[in-house]
Amino acid sequence: MNGLKPIKMPSAKEKVAAELRKAILSRQMKEGEILSLDSVASQLNVSAMPVREAFQILARDGLIQLRKNKGAVVLGITETYIREHYQLRAILESAAAKLAAEQGTDISEIEDVYQESCEALESGEAQKYTDLNRAFHNEIWSAAGNGKMKKMISELWNGLSMGSMVSEGDYAKVSIKEHGRILKAIQEHNAEAAEKEMYAHIMRSRDDMLTYYK
């Protein structure tokens, strides 16, 4: 046995919501586009139930409007929306990092995922970083010990936030360095530094996403 552990994946509804949110924020899905429950389920290879639940999450967030025929229509995205979305994520995730840095917190899962992320990049598996990126953040939310906060952040997640001129591999190289600084602060129980590094990490993601908008 090599000591590797299964990656803790998001629930089906969270995964669907993340994929749809990313597509809408990056404007791959345009304002006014009709989303069919069955079509989205087929494209993402999931059942209709998680798509229906994801639609409800995105409707509450103002990204889509539900239709009586079980479908939805994509609403307009503004620069203000993107900025507010990432600001909220930054506030919640930096608070989670601060809590995770407290003395006595079990951070072994965070360390394991970070190590696996480094190994994936060293072996050229940049695509695998998508799941490991989520797992790293998820372990910090878990270590924070606030279930309600974790649920809120999970529903805001939108996956990797890459600029229009940045490849997945290049993004992973930037992201892993930032993750390293976050982990170092948590390991040193430096709550203020952990909070600061996570906030900067999310704000950089915001700036990358804004390159799609502009």
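Values in this text are rule-based calculations from the coordinates and carry no lab data. It should be emphasised that the depicted structure is a prediction, and the values quoted were computed from it without experimental measurement. No Cβ is skipped: glycine too gets one built from the backbone with ideal geometry, and neighbour counts run over all protein chains shown.
Numbers for the structure displayed
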| item | result |
| --- | --- |
| In degrees, nearest ten, helix 12-25 long axis to first principal axis of the chain (Cα) | 70 |
| Contact order normalised by residue count of the stretch 79-214, Cα under 8 Å, 6+ apart, percent | 43 |
| Helix 129-144 vs. the chain, principal-axis angle (Cα, 0 to 90°, nearest 10) | 70 |
| Cα-Cα pairs of the chain separated by more than 29 Å (percent) | 25 |
| Stretchable slack from THR80 to GLU188, in nm (0.36 nm times residue separation minus alpha-carbon distance) | 35.3 nm |
| Cross-link pairs beyond the 24 Å C-alpha cut-off, checked among LYS13/LYS148; LYS13/LYS177; LYS13/LYS150; LYS98/LYS151; LYS15/LYS70 | LYS13/LYS177 |
| Amide N of the stretch 173-214 lying under 11 Å from the label point, which is placed 7 angstrom from the Cα of GLN87 along Cα→Cβ | none |
| For ILE64, residues with placed amide H under 5 Å, excluding near neighbours | ALA59, LEU75 |
| Options ASN138, LEU75, THR211, ranked by Cα towards positive dipole end of the chain, top entry (Cβ charges) | LEU75 |
| Within-13-Å neighbourhood charge of TYR129 [Cβ basis; K, R +1; D, E -1] | -4 |
| Cβ-based net charge around GLN56, under 11 Å, with every Lys or Arg adding one and every Asp or Glu removing one | 0 |
